[in-house]
Amino acid sequence: MALSARQIPRWFNSVKLSSFVTAMQLGKRFPRAGKTLLRGVSAQPQMSSGNCFLQWGFKAYRTSSLRNSSQSANPSRQEIGSAQSTLLPSVNEQTPKTQKIPSLDSELSLEALDDLPSLAPLQPVSEEEAIQIVADPPLPPDTFTLRDYVDHSETLQKLVHLGVDLSKIEKHPEAANLLLRLDFEKDIKQILMFLKDLGIEDNQLGTYLTKNYAIFSEDLENLKTRVAYLQSKNFSKAQIAQMVRNAPFLLSFSVERLDNRLGFFQKELELSVKKTRDLVVRLPRLLTGSLEPVKENMKVYRLELGFKHNEIQHMITRVPKMLTANKRKLTETFDYLHNVMSIPHHLIVRFPQVFNTRLFKVKERHLFLTYLGRAQYDPTKPNYISLDKFVSVPDEIFCEEIAKASVQDFEKFLKTL
């Protein structure tokens with residue numbers, strides 16, 4: 001078996017080391033016999049096949065190395081001498097120049113040569129072997145969308161089947177990286193079972209997970225602890241499920257934060273425990289959102305709009321969104337109701353739903369009633385129009401029951417504004 005130029009250095013180093021160790025061991029056991037053998041060596045010494053091939057291998061390797069290095073620069077005599085000094089001294093000194101070198105085509109009995117791995121990566125492969133080769137599909141390169149990873153990720157495929165909108169999640173790089181690292185069976189399945197036990201329906205899981213994908217990074221025991229805390233505050237299972245659906249990030253907050261929020265609303269608004277519980281059930285994002293808008297609106301109601309503390313309590317328990325409403329919208333709506341329509345505070349307190357109505361709708365209906373001479377909002381006078389009906393009914397009922405006019409007349413009037 002012939003050796004390639006690349007295989008010679010590797011094989012030579014291994015054989016040289018093994019031969020050197022063997023020679024040292026024999027030298028220790030038979031020191032005198034070794035000396036006698038070296039002294040009585042003839043013109044043609046009897047060398048073992050291993051030592052003979054050792055010398056031939058090194059010379060072939062040195063010849064190949066010198067031929068390659070001569071293309072770039074001629075080595076000095078000292079470098080050649082240092083290379084020759086790597087041979088075993090006893091063999092190199094006693095071997096005459098007429099020593100016969102075995103040819104490259106001679107058969108070798110060393111078993112080590114049969115165990116050498118093939119160094120031919122471009123070795124031709126038959127068609128039958130090529131068909132049997134199974135290669136995994138390559139992962140897509142760097143991308144800005146999760147769509148390219150769906151075919152390669154079982155987790156993403158199952159999330160899509162649940163209704164998760166990956167186009168919204170991929171806008172957050174940290175979320176995309178999180179989902180790609182998760183295993184569906186180990187990391188996601190237990191969270192899904194927890195949400196279903198909590199009361200989240202199958203058709204609601206997709207929407208919930210799209211908004212709160214970070215729940216997969218939460219510890220399951222922490223989630224159970226937060227649910228247990230809400231239950232200790234007498235929130236029913238149905239109420240907790242409603243709160244989690246309407247405020248997906250609720251379970252991502254610690255027990256300490258949830259407790260502080262409940263205490264804040266109970267203390268700041270001076271509400272009872274039951275009213276505080278009803279307030280956060282109807283608007284659970286009060287527990288997850290910022291408290292700055294709440295504090296600012298409380299000042300607006302009390303200082304700018306002139307409502308009393310008990311009036312504020314009544315309005316926010318009827319319409320919790322008033323706590324997080326836009327400050328500018330609150331002041332503009334109140335200014336039009338109180339200063340233009342001449343509606344006093346106590347009537348506004350009775351119908352706080354008016355703050356949830358768009359201001360242009362209030363203006364259009366009030367101007368139409370004024371045009372018809374029916375803008376009368378005083379309950380002590382005839383033809384009284386309550387604010388509840390004024391803002392809550394659709395245009396057809398407003399025209400028929402309140403304005404006593406047709407919808408076409410109302411539409412024609414709006415074109416004059």
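Odds and ends about this structure:
- Counting only helices (runs of 4 or more DSSP H) that sit wholly inside the range 154-264, those with at least 1 residues that are aromatic (Phe, Trp, Tyr) and surrounded by 18 or more Cβ atoms within 10 Å (Cβ to Cβ) are 202-211.
Here's the yes/no breakdown for (1) under 28 Å from Leu286 (Cα atoms); (2) in the same structural domain as Lys412 (by the TED database):
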| residue | (1), (2) |
| --- | --- |
| Met322 | yes, no |
| Arg328 | yes, no |
| Asn383 | no, yes |
| Ser392 | yes, yes |
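- The range 265-277, subset of a type outside the set (A, V, I, L, M, F, W, C) and outside any helix (DSSP H, G or I), residue least open to solvent (accessible area, probe 1.4 Å): Ser272
- Selection status of Tyr384, hydroxyl-bearing (Ser, Thr, Tyr) and in contact with a helix residue (DSSP H, G or I) (Cβ under 9 Å, 6 or more places away or on another chain): no
- One residue stands out among those in the range 310-324 that are in a helix (DSSP H, G or I) and β-branched (Val, Ile, Thr): the one that is most open to solvent (accessible area, probe 1.4 Å), which is Thr317.
The values are calculated or read from the model by the stated rules, or taken from the named source; none is laboratory data. Note that this is a predicted model, so its numbers are computed, not measured. For neighbour counting, all protein chains shown are included, and Cβ atoms are generated from backbone atoms with ideal geometry for every residue, glycine included. Protein only, heavy atoms only, side chains kept; ligands, DNA and RNA dropped before computing areas. Shrake-Rupley method; radii C 1.70, N 1.55, O 1.52, S 1.80 Å.
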